[in-house]
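Working notes for the structure below.
Computed from the coordinates by the stated procedures, all read-outs in this text should not be read as laboratory data. This one's a predicted model, so the numbers in the text were calculated from it and none came from an experiment. As a convention, Cβ positions derive from the backbone with ideal geometry for all residues, glycine included, and neighbour counts pool all protein chains shown.
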Amino acid sequence: MSEEHGTLIKTPKQLIVVCVLALVTPVAIALLGAQLVTGSKRIDTTEDKKSVEQRVKPVGELVKLEGAAPAPAPAAGVVAVAAKAKSGDEVYNEACVACHGTGAAGAPKTGDKVAWAPRVAQGVATLYDHAIKGFKAMPPKGGASALSDAEVKAGVDLLVAKAK
Ligand code: HEC
């Protein structure tokens, strides 16, 4: 027992095993280290690509509306705007009262039955048309071009109702 003290290598077989281990171990450690460094920096996995696309995608998308193509479902915001069409009162106070409230520029005054009677007699379709497209000193949509045709019609309806 005592003469074997001092070394763990006792046979040629053990010597070979130790030599092989001494050669392989540093290489394995180096490979693991390289894997650790490069592995953590890789970004070409599908998950990462998706998250990058999410972060760099544009805020809005341009939707081209073709005449014949079926209209795509409008975005929620568009529906909200369309659903909130102005009432006849709102349209009148915003775009018509300036002239029709005072008779400015020769406009038939609101509620003036005599002034409105011959105009109403033309039929409401003509009045709509004149209010939307303009008529003599009456500018198209009263100058409020942002109003929809339906909103202008609501304004006309109000004017006609008040002239009765
Ligand atoms: C800048 C002034 C002005 C504004 C604003 C205005 N109008 Fe007029 N409007 C006139 C004048 C002037 C006439 C008369 C035109 C004429 O017969 O010579 C008129 C006429 C009309 C008529 C009668 C048309 C006809 O065939 O006799 C209607 C309907 C009418 N306006 C609707 C409206 C409505 C609805 C609005 C608001 C959306 C509006 N107007 C805003 C000036 C205005």
Report the extension gain between Q35 and K57 in nm, rounded to one decimal, defined as 0.36 nm multiplied by the number of residues separating them, less their alpha carbon distance. 4.8 nm
Give me D for region 117-156 in µm² s⁻¹, whole number, from Stokes-Einstein with Rh from the Kirkwood sum over alpha-carbon pairs, 4 °C and 1.567 mPa s. 129
Assuming 0.36 nm per residue, please report the length gained on full extension of the stretch A105 to A161 beyond their Cα-Cα distance. 18.0 nm
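From Cα pairs below 8 angstrom and at least 6 apart in sequence, can you work out the relative contact order of region 85-162, rounded to a whole percent?
On the way: 85 pairs, mean separation 31.3, N = 78.
The normalised contact order for region 85-162 reaches 40 percent.
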Going down the table (K86/K113; K109/K153; K86/K141; K84/K164; K57/K84; K84/K113), which pairs top 22 Å between alpha carbons? K86/K113; K84/K164; K57/K84; K84/K113
Can you pull the one-decimal nm distance between simple spin-label points at L8 and E94, each 7 Å off the Cα toward Cβ? 8.8
How would you rank R119, R55, going from fewest to most other Cβ atoms within 10 Å of each one's own Cβ? R55, R119
Using the Cα atoms as the points, what is the convex hull volume per residue of region 9-55 in Å³? 70
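Just check region 85-162 against the gyration tensor rule for me: Cα atoms, a ≥ b ≥ c as the square roots of the eigenvalues, rounded for a/c under 1.5, and otherwise prolate or oblate depending on whether a/b exceeds b/c. List each step's numbers first, then the result.
Values: a/c = 1.35, a/b = 1.26, b/c = 1.07.
Rounded.
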